[in-house]
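Asks: Mind having a look at this structure? Questions to follow.
The values are calculated or read from the model by the stated rules, or taken from the named source; none is laboratory data. From a predicted model like this one, the values you see are computed outputs, not experimental measurements. All Cβ positions, glycine included, derive from the backbone under ideal geometry; neighbour counts span all protein chains shown. All accessible areas refer to the heavy atoms of the entire protein, side chains included, with ligands and DNA or RNA removed. Shrake-Rupley method; radii C 1.70, N 1.55, O 1.52, S 1.80 Å.
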Amino acid sequence: MRKALGIRRIPLAAIAAFLVSLACFGAQIAAYGTLSGAYANTKTFVLAGGGIGPSEAASVLERSGEAADPFPIVLWSQVDGVAANASDPIAAENAEGAGETVLYFTGEIGLVFPDAAACPTEPGTYRANALEAEKPSVASGGRTEDAPVRIMDGSAAGEFPVAYTRITTADADADGFPITAETIASSLGVECAELDYGLLSLASFALLLCYPAALAAYAAWHCRPLRKRPAGHPALAAIAYAIPALAAIAATATFASALSRFGSRFPTHWSDFSAWQTAAASLQDGFSRIAFAAEGIPDMRVLLPWVLAVALGLASLACAAVAARKLAYWDARTSAGHGKNRVR
């Protein structure tokens, strides 16, 4: 009987929900790291006018090699619902293997899938799992259940009615100058607009901070009676004051580290309201461009980790809220039980 009463004195439901929230938060950190690594040292642009054909793509690659300051590029596009082992995706819609997502490319595929160049391949074909897109495996030739995304060299597949709609380049050229849409237009002769995936990283980072911020705020609020109690134990009072102090120090350190990563997206002066309006408009345009591009041809190596990070972030906050509610309920029952004992 005493053992059962001892278990009741422990908020098991609150502890379980809190541990689940910590697990979701750890997985969110891993997803954020995968997202940051997916576009590290590269930039992706969406080509204007619905993309370019294979012959124009070959001309772009030729001009890239002849440029004064050459930089690696890859032109690519994705097609859904086709057979991966067919050279003509339109004619193979009803063939065996239809239903896969195929990524056609020409150029240096390692910019999109860094490990692709190290994999031995069949002629012109790679295979990659969408959930582990940075580690493609060897193509087996036929359709496989564990290969929702198949990567095919467009030059090896021959002429087909699929336009290249994306161009991924290195982050900077050989001289260290950043590559922009104007750089591509002047050196390669194609018009494009940048897909700023750093905005997705910014949104994920902001959501990542919500969990520790909410946890610190709740801990500071929950310990407030210890700070107000005049005859309390000095150690408990010190802990009650240490929690908000450590939270403030951690918030300051996090803010300082985020400035080097995301500070260029915001004005340098807080009082420059016109610059804030310009920054807000730029953020809105960037997110709109990414959303519009994802409706046509999604970049799974970036979007999947981002969606996973957002889902895990919301799950960690929800589980933390459940833990806080269970703890409050347990605290109320414990206080009521103590009150009954005092009356007796």
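Asks: Looking at (1) touching a Phe, Trp or Tyr at 6+ places or on another chain (Cβ under 9 Å); (2) part of a helix (DSSP H, G or I); (3) modelled with pLDDT under 85; (4) open to solvent by 60 Å² or more (accessible area, probe 1.4 Å), find the lone condition where Ala258 falls short.
Replies: The one condition Ala258 does not meet is (4).
Asks: Hey, another quick one. Checking Gln28 against (1) open to solvent by 20 Å² or more (accessible area, probe 1.4 Å); (2) within 29 Å of Ile297 (Cβ to Cβ), which test does it fail?
Replies: (1)
Asks: I would also like to ask the following. Give the residue, chosen from Ala293, Ala279, Ala275, that is open to solvent by less than 60 Å² (accessible area, probe 1.4 Å), in a helix (DSSP H, G or I), touching a strand residue (DSSP E or B) at 6+ places or on another chain (Cβ under 9 Å) and modelled with pLDDT of 80 or more.
Replies: Ala293
Asks: Which condition number in (1) at pLDDT 85 or above; (2) exposed (fewer than 13 other Cβ atoms within 10 Å of the Cβ); (3) under 24 Å from the mean Cα position of the chain (by Cα) is the one that Leu312 fails?
Replies: The number of the failed condition is (2).
Asks: Look at Leu236 and say whether it is among the aliphatic types (A, V, I, L, M), surrounded by fewer than 15 Cβ atoms within 10 Å (Cβ to Cβ) and more than 27 Å from Leu111 (Cα to Cα).
Replies: When the stated conditions are applied, Leu236 passes them.
Asks: Could you tell me which residue of segment 183-194 is least open to solvent (accessible area, probe 1.4 Å), considering only residues that are in a helix (DSSP H, G or I) and under 22 Å from Val302 (Cβ atoms)?
Replies: Checked segment 183-194; the qualifying residue least open to solvent (accessible area, probe 1.4 Å) is Ile184.
Asks: Okay, next question. Just need a number here: residues in segment 195-217 that are crowded, with 17+ Cβ neighbours inside 10 Å, of a type outside the set (Asp, Glu) and more than 10 Å from the chain's Cα centre (by Cα).
Replies: 6
Asks: Please determine, by comparing only the residues of segment 31-47 that are surrounded by 14 or more Cβ atoms within 10 Å (Cβ to Cβ) and not hydroxyl-bearing (Ser, Thr, Tyr), which one is farthest from Asp171 (Cα to Cα).
Replies: Here the answer is Ala31.
Asks: If you don't mind, there's one more thing I want to ask. Test Arg325 against the stated conditions and say whether it is at pLDDT below 85, out of contact with any Phe, Trp or Tyr (no Cβ under 9 Å at 6 or more places or on another chain) and either assigned to a helix (DSSP H, G or I) or farther than 30 Å from Val112 by Cβ (or both).
Replies: no
Asks: A further question on this structure: Residues of segment 25-61 being of a type in the set (A, V, I, L, M, F, W, C), out of contact with any Lys or Arg (no Cβ under 8 Å at 6 or more places or on another chain) and not in a helix (DSSP H, G or I), which ones?
Replies: Ala40, Ile52
Asks: How do the pairs read when you match residues in segment 187-212 that are under 30 Å from Arg63 (Cβ atoms) with residues anywhere that are of a type in the set (Lys, Arg) and in a helix (DSSP H, G or I), using Cβ under 6 Å and keeping only pairs 6 or more apart or on different chains?
Replies: Leu188/Arg63
Asks: A follow-up question, please. In segment 92-109, what residues are outside any strand (DSSP E or B), open to solvent by less than 30 Å² (accessible area, probe 1.4 Å) and modelled with pLDDT of 65 or more?
Replies: Ile109
Asks: Exactly one condition in (1) open to solvent by 70 Å² or more (accessible area, probe 1.4 Å); (2) at pLDDT 85 or above; (3) more than 16 Å from Glu194 (Cα to Cα) is false for Gln284; which is it?
Replies: Result: Gln284 passes all but (3).
Asks: Within segment 239-248, can you find the residues that are of a type in the set (Gly, Ala, Ser) and surrounded by 13 or more Cβ atoms within 10 Å (Cβ to Cβ)?
Replies: Scanning segment 239-248 gives Ala240, Ala247.
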